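Below: the structure, in structure tokens.
The values are calculated or read from the model by the stated rules, or taken from the named source; none is laboratory data. Predicted model, so just to flag it, every value in this text is computed and none were measured. Side chains included, ligands, DNA and RNA excluded: accessible areas come from the protein's heavy atoms. Shrake-Rupley method; radii C 1.70, N 1.55, O 1.52, S 1.80 Å.
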Amino acid sequence: MEYRITAPVHGHSGVVAGITFADGVATCCDPPLGALEYFRRHGYELVCLDAVEAAPIGFTADVPPAEDKPAARSRSKQRTGDGG
């Protein structure tokens, strides 16, 4: 599987857990499981690019679809009284 990994420190360039980053981003195929666990523990953003390509247009695998919510009530009238 191919992953895009974004470092928590923007602009970081170098090698972390055997993966090479340039400007805070790395892409790699089949990274070691230990590297993925390291990245998760240390706040890196992991996106599986294989899942994104297979997803329908307008949907990303790492963001769940929005839930239907009831419409908000109108608050145009101001309450009066003692406030308690």
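Express in Å², to the nearest 10, the accessible area of Tyr38 obtained by rolling a 1.4 Å probe over the protein heavy atoms while all chains stay in place.
80
Using a 1.4 Å probe on the protein chains only, how many percent of the accessible area of the stretch 1-52 belongs to carbon and sulfur? Before the final figure, lay out the partial values.
On the way: 1690 of 3040 Å².
Here it works out to 56 percent.
As a test question: what accessible area, to the nearest 10 Å², does Arg4 have when a 1.4 Å probe is rolled over all protein chains in place?
90
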